[in-house]
Each structure stands twice: as structure tokens, then as C-alpha cells.
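J.: Submitted below is the structure of interest, expressed as C-alpha cells.
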Amino acid sequence: MPAYPSPLAWIGDLLTSVFNVNAAMWNNSSGPSVVENTLLRWLAEQAGLPPSTAGCFVSGGSMANMTAVVMARDNMLPQNRRSDGVVYISDQTHMSLAKGLHMAGFCDYQIRTLPTDQNFRFDLESLSQAILTDKASGLLPFLIVGSCGTTNTGSIDPLHGLADLAEKHSMWLHVDGAYGASISLSKTNRYLADGLGRADSVSWDAHKWLFQTIGSGILLARDGRKLEKSFSMEADYIRTTRAPDGSTSFYNVSPELSRPSRAMSLWFTLKVLGHDRIGQMIDQGVILASTAEHELRRLGDWEIVSPATLSVVVFRYSPFGLVIDEKELDAMNVAISKRLIAENIAAIFTTKLRGCTVLRLCVINPLVQQENVRRIIQQMHRIAQKELALRPGLMESLISPIYLRPESLTTATAQPIAQQE
Ligand SMILES: Cc1ncc(COP(=O)(O)O)c(C=O)c1O
């Protein structure tokens with residue numbers, strides 16, 4: 001996620017560093033603690049979470065996900081049956097979840113990675129079946145991890161469907177919104193994250209789509225007491241567990257003791273820009289992804305593998321009529337990405353979807369305009385044509401009327417351009 005930090009975040013960071021506040025304990029950081037609590041409650045409200053929600057700022061999405069895993073483990077599994085616990089993720093879940101699960105003591109055999117549907121969203125039927133099978137084997141399904149904005153395609157899992165299943169089977173629902181939860185602040189597009197507020201916990205990165213510098217992640221827990229259950233510790237040398245208003249010192253609701261006051265710069269940014277402006281800055285990313293998709297369709301020769309979703313569009317160069325081996329197509333798209341970087345045009349990197357190499361565009365910098373994106377796509381088109389010309393064997397095959405496309409990518413949302421038109 002190529003984030004853009006607002007200059008306001010720089011100022012917030014500078015002040016935080018200058019004062020060097022330790023936001024572990026209320027008596028060391030009364031003001032910053034109030035700011036952090038107030039901001040967390042406001043963010044929770046925007047995500048649709050209830051007033052019982054508490055949370056903490058952590059260093060990023062990976063730490064937020066790990067914190068959620070620990071909380072789910074401690075609140076859902078008896079200590080002597082941890083090895084029977086089963087977790088459900090999708091083939092598009094961010095790798096930090098698997099890492100967090102390992103750090104929290106879970107083994108590979110306890111993690112079910114389930115297939116996604118044609119739009120790269122959790123397939124509810126497979127999930128439901130997997131839970132029933134595991135229950136029938138005497139195991140303890142306890143955690144479903146959904147995504148609000150996957151890294152590869154920006155897809156948002158069917159959050160209500162996941163919440164229904166979690167409720168039905170008395171499981172914990174964690175939603176990784178490291179990237180996509182920010183859409184909750186957009187007045188126009190917040191409907192996309194409908195259902196986020198039904199999660200037991202939500203990860204949310206301010207250093208992605210909330211324009212903060214790196215090191216600003218958020219974990220929200222629907223029931224703050226459950227966060228305390230995992231992270232509250234007593235020691236003779238620390239006695240300031242609670243603030244006068246009853247709120248807990250942050251070291252008791254987060255994995256860290258000494259911690260910077262990460263909330264300050266986001267609070268400062270929001271105070272200066274306001275909710276409406278931040279929402280518009282987020283909307284710009286959504287507009288840019290659809291602009292890119294539109295331009296790719298207009299030019300032709302580009303297969304839209306996953307249409308604009310949040311601020312991500314995934315595609316690949318696949319000229320109509322080209323008879324080409326999948327490996328060659330992959331290599332050509334890798335070459336296009338490399339050439340874009342070498343010529344200092346744009347950082348459009350490759351990823352893999354259903355085993356194929358594809359290009360992924362994600363612009364969340366609100367300073368970028370639609371015209372900039374159109375121009376980049378046009379330059380990329382020229383580069384792609386040059387790459388094709390470097391492969392004379394392929395050029396000849398263009399006259400063939402046969403058009404081969406692997407079944408794996410031929411989905412309702414990824415038709416050859418000519419068919420869509
Ligand atoms: C969906 C998602 N979850 C988690 C993460 C990990 O976040 P971080 O890099 O802040 O640890 C990322 C990073 O891109 C992400 O896109």
C-alpha cells in the first residue's frame with residue numbers, strides 16, 4: 001500500500017518525538033491517553049462498533065492482527081484445549097494473520113485456508129462446511145478472519161455472512177481492515193464496509209489510508225474487557241492501572257509497555273482537516289481506481305482480472321488474438337512492471353492471482369489526479385506494445401483468430417475485453 005503521509009502527520013510526529021511521551025500509563029501521559037481513548041471511540045463509532053469498544057494504537061496492521069489473535073485465543077479457548085482450536089482464513093487473507101497465529105502458538109494443522117469466490121471474497125458455503133466438519137471431528141472452531149479490503153484486490157468479504165456464521169457457531173470474528181476500514185470515514189462509500197461493526201475485533205492502519213507516517217496501526221475490540229483479559233498485568237513497580245475516569249492505562253490493553261503516543265498525529269490531522277475532507281481524500285483513491293479500469297478497457301488488450309474495488313484494480317496485458325503460453329504471458333507482464341519502474345513512470349507491481357502473474361494498481365495519494373492516472377496507463381500501454389514487439393514470435397501469432405484464456409481467470413468479473421464490450 002503506497003501510502004501518502006500528510007504533512008500534518010509530520011508535525012504530529014515531530015511534536016510527539018519532541019515531548020517523548022510514554023503513553024504506557026495514564027499518569028505519564030494523561031493528555032495523550034485521553035486523546036487516544038477519544039479517538040479510538042470515534043473511530044469505533046465510524047466503523048459501526050458499539051460504545052463498549054476499546055482499543056489501542058500499535059505499530060501496524062501485523063501487530064493489530066496478532067493482538068486480535070491473542071485476544072480471540074484467550075477469550076474463546078480453554079487453556080488446556082488450545083491445541084484443538086481451529087482458525088478459518090481465506091486464500092486472500094494477509095500473511096500477517098498466519099504469522100500472528102504462529103506467534104500466538106498455533107500450528108499449521110490448526111489453520112484452514114479456504115477458497116475465495118470469483119470476486120476474491122470468502123466463500124461462505126465452504127466456510128460453513130469446514131466449520132461443521134471440524135466440529136464433527138471434536139475440534140474447536142473458534143476464530144474466523146475476514147478482510148475489509150484485501151491487499152491483492154481490495155475485496156471486502158461478505159461481512160454480514162461471516163458475522164452470522166460466527167454468531168451461529170459462537171466463534172470470534174476478526175476483520176482485518178488494515179487497508180480498507182478507512183472507507184468507513186467516506187460519506188459516499190462507507191456502505192461498502194457495511195457489517196464491519198459486527199466484528200469482535202477490527203484492525204485498521206492509519207499509515208495506509210488515513211495519511212499517517214509509518215508506525216500507526218489500530219486495534220479495536222468490541223468488548224474492551226476482553227482486551228484487558230489478555231493484556232492486563234500487575235507488577236510491584238507499576239501501580240497506575242486506571243485513570244480517574246475509570247479507563248485503563250494502555251499497557252493493560254496492549255502488548256506494549258513503553259509506547260509512543262501514536263494517536264496524537266492522527267488526532268491532529270483529523271482536527272485540522274475535519275471528517276469531510278479526510279473522507280474526500282479517501283474517495284479520491286476510489287475514483288482513481290475506476291479511472292484506471294476505464295482507461296484500460298478503452299485501450300483494449302488489457303484483461304481486467306479484478307475490477308476497481310476500493311482503490312485497487314488488477315489487470316494484465318493480454319492482447320486479443322494472442323496465442324501464448326501462460327508462462328510467457330506472466331514474463332511479459334513482469335517485464336512491463338520492471339520497465340515502468342526503470343523508466344521512472346510508476347510503481348505498478350505484479351502479484352499472483354489463481355496462479356497467474358498480474359499487475360496491480362493502487363493509488364491512495366489524494367494529490368494524484370485522474371489525468372495523471374490516465375497518462376500512466378497510456379504510457380504503460382506503449383511500454384506493453386514495445387515488450388510485445390521484442391517477442392517477434394508472439395507478434396506473428398496475433399493474426400490467429402484463436403484466443404486462449406486459462407479457465408482459472410475466466411470469471412464473471414474477468415471476461416476478455418472484447419466480450420465485455
Ligand atoms: C490487508 C492488510 N493487512 C495487514 C497488513 C499488514 O500491515 P503492516 O504492514 O502495517 O504490518 C497489510 C499491509 O499491507 C494489509 O494490506
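The values are calculated or read from the model by the stated rules, or taken from the named source; none is laboratory data. Quick caveat: nothing in here was measured; it's all calculated off a predicted structure. Glycine also receives a Cβ, built like all others from the backbone with ideal geometry; neighbour counts cover every protein chain displayed. Areas reflect the complete protein model, heavy atoms only, side chains present, ligands, DNA and RNA absent. Shrake-Rupley method; radii C 1.70, N 1.55, O 1.52, S 1.80 Å.
J.: Within the group THR269, THR291, which residue is open to solvent by less than 30 Å² (accessible area, probe 1.4 Å), outside the structural domain of LYS352 (by TED's automatic domain parsing) and polar (S, T, N, Q)?
T.: On inspection, the qualifying residue turns out to be THR269.
J.: Let me ask you something else. Name every residue in the stretch 191-220 that is more than 16 Å from the ligand (Cβ to nearest atom) and in contact (Cβ under 8 Å) with a residue 24 or more places away in the chain, in order of residue number.
T.: ASP194, GLY195, GLY197, ARG198, ASP200, listed by residue number.
J.: Moving to a separate point now. Among the candidates SER337, SER318, SER311, single out the residue that is in contact with a Pro (Cβ under 9 Å, 6 or more places away or on another chain) and either of a type in the set (S, T, N, Q) or open to solvent by 10 Å² or more (accessible area, probe 1.4 Å) (or both).
T.: From the options SER337, SER318, SER311, the qualifying one is SER318.
J.: Here's another thing I want to ask about it. What number of residues within the stretch 141-164 satisfy the criterion of being surrounded by 18 or more Cβ atoms within 10 Å (Cβ to Cβ) and either charged (D, E, K, R) or assigned by TED's automatic domain parsing to the domain that holds SER306 (or both)?
T.: Count: 1.
J.: Moving on to the next point. Filter the stretch 12-65 down to the residues that are of a type in the set (Val, Ile, Thr) and under 16 Å from LYS271 (Cβ atoms), then identify the one that is nearest to the ligand (Cβ to nearest atom).
T.: My answer is THR16.
J.: With respect to LEU210, determine if the residue is open to solvent by 10 Å² or more (accessible area, probe 1.4 Å), in contact with a Leu (Cβ under 7 Å, 6 or more places away or on another chain) and assigned by TED's automatic domain parsing to the domain that holds TRP42.
T.: no
J.: Then there's this: Quick check, is GLY138 open to solvent by less than 10 Å² (accessible area, probe 1.4 Å), assigned by TED's automatic domain parsing to the domain that holds PRO50 and of a type outside the set (S, T, N, Q)?
T.: Against the criterion (open to solvent by less than 10 Å² (accessible area, probe 1.4 Å), assigned by TED's automatic domain parsing to the domain that holds PRO50 and of a type outside the set (S, T, N, Q)), GLY138 does not qualify.
J.: Hey, another quick one. Select from the stretch 66-94 the residues that are of a type in the set (S, T, N, Q), more than 16 Å from the ligand (Cβ to nearest atom) and buried (at least 18 other Cβ atoms within 10 Å of the Cβ) and list them in ascending order.
T.: If the condition is that a residue be of a type in the set (S, T, N, Q), more than 16 Å from the ligand (Cβ to nearest atom) and buried (at least 18 other Cβ atoms within 10 Å of the Cβ), then ASN75 is the only one that fits.
J.: Which residue is nearest to the chain's Cα centre (by Cα), if the candidates are limited to the stretch 286-325 and must be among the acidic types (Asp, Glu) and under 19 Å from GLN118 (Cβ atoms)?
T.: So, considering only residues that are among the acidic types (Asp, Glu) and under 19 Å from GLN118 (Cβ atoms), the one nearest to the chain's Cα centre (by Cα) is GLU293.
J.: Let me ask something else. Kindly indicate whether any position in the stretch 20-32 is under 28 Å from ILE183 (Cα atoms), in contact with a Phe, Trp or Tyr (Cβ under 8 Å, 6 or more places away or on another chain) and either of a type outside the set (Gly, Ala, Ser) or surrounded by fewer than 15 Cβ atoms within 10 Å (Cβ to Cβ) (or both).
T.: Checking the stretch 20-32: not a single residue is under 28 Å from ILE183 (Cα atoms), in contact with a Phe, Trp or Tyr (Cβ under 8 Å, 6 or more places away or on another chain) and either of a type outside the set (Gly, Ala, Ser) or surrounded by fewer than 15 Cβ atoms within 10 Å (Cβ to Cβ) (or both).
J.: What are the residues in the stretch 139-152 that are part of a loop (DSSP other than H, G, I, E, B) and either modelled with pLDDT under 95 or within 11 Å of the ligand (Cβ to nearest atom) (or both), if any?
T.: GLY149, THR150, THR151, ASN152
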